[in-house]
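Each remark here refers to the structure printed beneath this line.
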Amino acid sequence: MDDYLIFMPEDHMDDLYNNKSTFIRNFHNSRLDKIVDFLPKDKKFKILDAGCGEGHLLEKIKNKRYDELFGADIHIVALKKARLRCPSAKISKQDLTNLKYKDNFFDIIICSGVIEHIPKYKEAI
């Protein structure tokens, strides 16, 4: 998918995670916290955040001291923020319908709030 077909304002997700509304801010942050709570306690897993956006989930996972974090997203503006937010993660521009990783490379793949935005979502799954 070409970048010009995708529109995402800069700091779009920051506006949700830092929203003035307590309800909106807590709703979005608690969703990420619940995802992190589901992760195994062993920190030796390779984890991919497929559709990492601006890296908010990666940052929360990193703060729990997981070792090998990866992020993939199609949007360059979001990837720049993700790299700043989580510099230790290996973050790359990729289309989720055609990831450039070997089969079974990851122990855990998280894809949250993404599938509904992918026109060819069955290919991504």
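The values are calculated or read from the model by the stated rules, or taken from the named source; none is laboratory data. All values derive from a computational prediction rather than experimental measurement. Note: ideal-geometry Cβ built from the backbone for every residue, glycine included; neighbour counts use all protein chains shown. Keep in mind that these areas ignore ligands, DNA and RNA; they rest on the heavy atoms of the full protein, side chains included. Shrake-Rupley method; radii C 1.70, N 1.55, O 1.52, S 1.80 Å.
Some notes on this structure:
- Considering only beta bridges that DSSP places wholly inside the chain, some 0 percent are antiparallel.
- Student exercise, the chain dipole from Lys, Arg, Asp, Glu Cβ charges, in Debye to nearest 20: 480 debye
- In the chain, a dipole from Cβ-located charges (positive for Lys and Arg, negative for Asp and Glu) runs towards its positive end, and of Thr97, Ala124, Phe45 it is Phe45 whose Cα lies farthest in that direction.
- Average Cα contact separation per residue, the chain, under 8 Å, 6 or more apart, as relative contact order %: 25 percent
- Note on the chain: with neighbouring protein chains present and a 1.4 Å probe, carbon and sulfur make up 54 percent of its accessible heavy-atom surface.
- Once the gyration tensor of the Cα atoms in the chain is diagonalised, the equivalent ellipsoid follows with semi-axes of 21, 20, 13 Å, ordered largest first.
- Basic side chains Lys and Arg get +1 at the Cβ, acidic Asp and Glu get -1 at the Cβ, and with that the dipole of the stretch 44-114 about its Cα centre reaches some 280 debye.
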